[in-house]
Amino acid sequence: MADTSLPAAAPAVAALAEAAAGPPVRPGGRGRRIAWAVLTYTLLTLGALVMVLPFLDMLLGALRTPAERLARPPVYWPRDPQWGNFVRVFDELPLLRWLANSLGVTAAITVLQILTSAMGGYALAKFHFRGRLGMFRFAVGAQMFPFFIFLIPWFFILRYFPLVGGNNLLGVGGMGLLGSYAALVLPFAVSWYGIFLMRQFFLAIPDELLDAARMDGAGEFYIFFRIALPLVGSGLATLAIFVFLYHWNEVLWTMTVTRTAPDLQTLPVGIYLLRGAFEQEATKSLQQAAICVSVLPVLIVFLALQRYYVASVTSGSVKG
């Protein structure tokens, strides 16, 4: 008997091969894709140059000589770069103290906000209790109020804080918490935006995973610190970047609190006050050199955490 199975299967095999090969390439389709890729990368390159140009101008301004700053027409590229300006700002200004204060205060605020936001977001996302929806709405609505409207109330709260800074039980007799690092940190210990952001990340964790840990005898603190937090690492890194960038550049509250305590001044406040000391055109290179130094910690933090930030941005775009 003749075997007719192969001839009969030949059309099916051919159809499968054609499907695997994909749709036919249209004439000119590859050229259009290349053109779009070139256009896309060109636009991205131009956008990157526009974003980098202010920083480049700041660096070049710090390297210009007084004569080059006063020259007309202006000299853009310094002929004799004055790298010594970066040494002068450390010699002539308390830049190290400002830098240490900024790092300490900003790091403390970042750690506190990460902890309080993670705990608050986890409670609103995974615990079911009366008033949870109302608390969530309050956290969302509180983001509409800027901090400066609470500046005076916070000042008086810290000024009349009892039993510290020479105050008695009624909060009088001294300066309270003013003139201390606590005054720079405590008003920013909680972030409503941080609570909202972390709640959204915790909602993505399956409840079954946490229930399985509870059935195995794990406590709530163990579940929170050892299971939930590692799963939202990208969210924590994103929040850390936002908090660090914002509070590194904070000036208004710090200037208010440190008016009577210059030793607590941070780097942005010190640079702001330089406008009076270095108002002459010939000495503005020192001010720009100090600004360059203030930008470095921000760049380091962002470059160290950018992959987690990108992961948090793209986590919701991939399904399955």
query: Each residue of the stretch 181-198 in order: what ³J(HN,Hα) in whole Hz does its phi give by Karplus 6.51 cos²θ - 1.76 cosθ + 1.60, θ = phi - 60°, with x for Gly and Pro?
result: 5, 4, 5, 7, 9, 4, x, 10, 5, 10, 10, 5, 5, x, 5, 4, 5, 5
query: So what's the stretch 93-317 giving for Cα Rg divided by 2.2 N^0.38 Å, two decimals?
result: 1.20
query: When you count, for each residue, the other Cβ atoms within 10 Å and take the mean per peptide, how do 221-228, 299-306 rank with the highest first?
result: 221-228, 299-306
- prompt: Where the centre of each part is set by its Cα atoms, how far does the stretch 106-157 sit from the stretch 182-224, in angstrom?
  reply: 13
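Read-outs throughout are calculated quantities, based only on the coordinates presented, and are distinct from any laboratory measurement. Source: prediction; values computed, not measured. All Cβ positions, even for glycine, are placed from backbone atoms using ideal geometry, and neighbour counts span all protein chains on display.
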